[in-house]
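Asker: Dumping the structure here so I can ask a few things about it.
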Amino acid sequence: MRYASTQYNYLALLLTLSAGIFFIRVYLSALAEPPSYNSGPNFLITSLMVITVGFLFSFVSLRILIDEHFLQIRMMFGLFRKKLVLGEISSVQIVRNPWYYGHGIRKWFWPRMWIYSVRGSHAIEISLKNGKKYRIGTNEPEMVKRSILQSTL
């Protein structure tokens with residue numbers, strides 16, 4: 001069974017756009033200053049602005065793709081990816097993430113697992129045959145679980 005779903009975090013998108021607009025305004029203000037020894041845009045500050053906006057942008061979207069052979073997770077429009085072989089999945093459970101698991105991509109140490117999430121507390125927990133665990137945030141946990149189970153049969 002094929003399945004595709006994209007989940008967006010609109011608050012992160014709003015924060016990213018706000019930070020981007022603020023940084024552009026600061027950059028243009030620095031360019032407008034008359035030239036002197038200590039004026040003008042600073043490369044380090046500009047780099048930090050770009051990194052900050054890029055970091056915020058990484059929490060905007062999470063895409064889950066399931067086909068006959070793979071489960072793919074893509075964050076930030078495909079910049080961060082994880083591809084799991086469906087034949088290696090030993091179990092799938094619907095779970096709720098506590099608030100302190102947060103959002104983004106993170107390694108959690110107790111229980112030991114990788115977490116991919118952009119919003120909400122609904123998720124599926126996937127256990128692989130090699131013992132690794134993944135939690136993937138989704139707004140349709142039943143559909144994702146059903147798609148994985150149908151594809152692994």
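Asker: Quick check: is even one residue across segment 42-58 of a type in the set (S, T, N, Q), loosely packed, with under 12 Cβ neighbours inside 10 Å and more than 23 Å from the chain's Cα centre (by Cα)?
Answerer: Within segment 42-58 (the criterion being of a type in the set (S, T, N, Q), loosely packed, with under 12 Cβ neighbours inside 10 Å and more than 23 Å from the chain's Cα centre (by Cα)), the answer is no, since none of the residues qualifies.
Asker: When you go through 89, 66 one by one, which is the residue that is under 12 Å from residue 134 (Cβ atoms) and either of a type in the set (Val, Ile, Thr) or in contact (Cβ under 8 Å) with a residue 24 or more places away in the chain (or both)?
Answerer: Result: 89 is the single residue among 89, 66 that is under 12 Å from residue 134 (Cβ atoms) and either of a type in the set (Val, Ile, Thr) or in contact (Cβ under 8 Å) with a residue 24 or more places away in the chain (or both).
Asker: OK, next. State whether the residues of segment 41-54 include one that is assigned to a strand (DSSP E or B) and of a type in the set (A, V, I, L, M, F, W, C).
Answerer: Keep residues of segment 41-54 that are assigned to a strand (DSSP E or B), which gives none.
No, the conditions are met nowhere in segment 41-54.
Asker: What number goes with the only condition from (1) among the acidic types (Asp, Glu); (2) in contact with a helix residue (DSSP H, G or I) (Cβ under 9 Å, 6 or more places away or on another chain); (3) in a helix (DSSP H, G or I) that residue 142 does not pass?
Answerer: (2) is the only condition that residue 142 fails.
Asker: For segment 71-86, name all the residues that are assigned to a strand (DSSP E or B), without any contact (Cβ under 8 Å) to a residue 60 or more places away in the chain and closer than 29 Å to residue 16 by Cβ.
Answerer: 72, 74, 75, 80, 81, 82, 83, 84
Asker: Quick one: count up the residues across segment 116-130 that are of a type in the set (A, V, I, L, M), over 9 Å from the mean Cα position of the chain (by Cα) and either in a loop (DSSP other than H, G, I, E, B) or within 18 Å of residue 58 (Cα to Cα) (or both). Working first, answer last.
Answerer: In the first step, residues of segment 116-130 are kept if they are of a type in the set (A, V, I, L, M); the result is 118, 123-124, 126, 128.
Subset that is over 9 Å from the mean Cα position of the chain (by Cα): 123-124, 126, 128.
Retained after the next criterion (residues that are either in a loop (DSSP other than H, G, I, E, B) or within 18 Å of residue 58 (Cα to Cα) (or both)): none.
The total comes to 0.
Asker: With the condition kept exactly as written, say whether any residue in segment 80-89 is among the aromatic types (Phe, Trp, Tyr) and more than 9 Å from the chain's Cα centre (by Cα).
Answerer: No, there is no match, as no residue in segment 80-89 is among the aromatic types (Phe, Trp, Tyr) and more than 9 Å from the chain's Cα centre (by Cα).
Asker: If residue 134 satisfies every condition in (1) touching a residue at least 24 places away in the same chain (Cβ under 8 Å); (2) more than 19 Å from residue 66 (Cβ to Cβ); (3) hydroxyl-bearing (Ser, Thr, Tyr) but one, which is the exception?
Answerer: Exception for residue 134: condition (2).
No lab work stands behind these numbers, since they all come straight from the coordinates. Source: prediction; values computed, not measured. Positions of Cβ are backbone-derived with ideal geometry, glycine not excepted, and every protein chain shown enters the neighbour counts.
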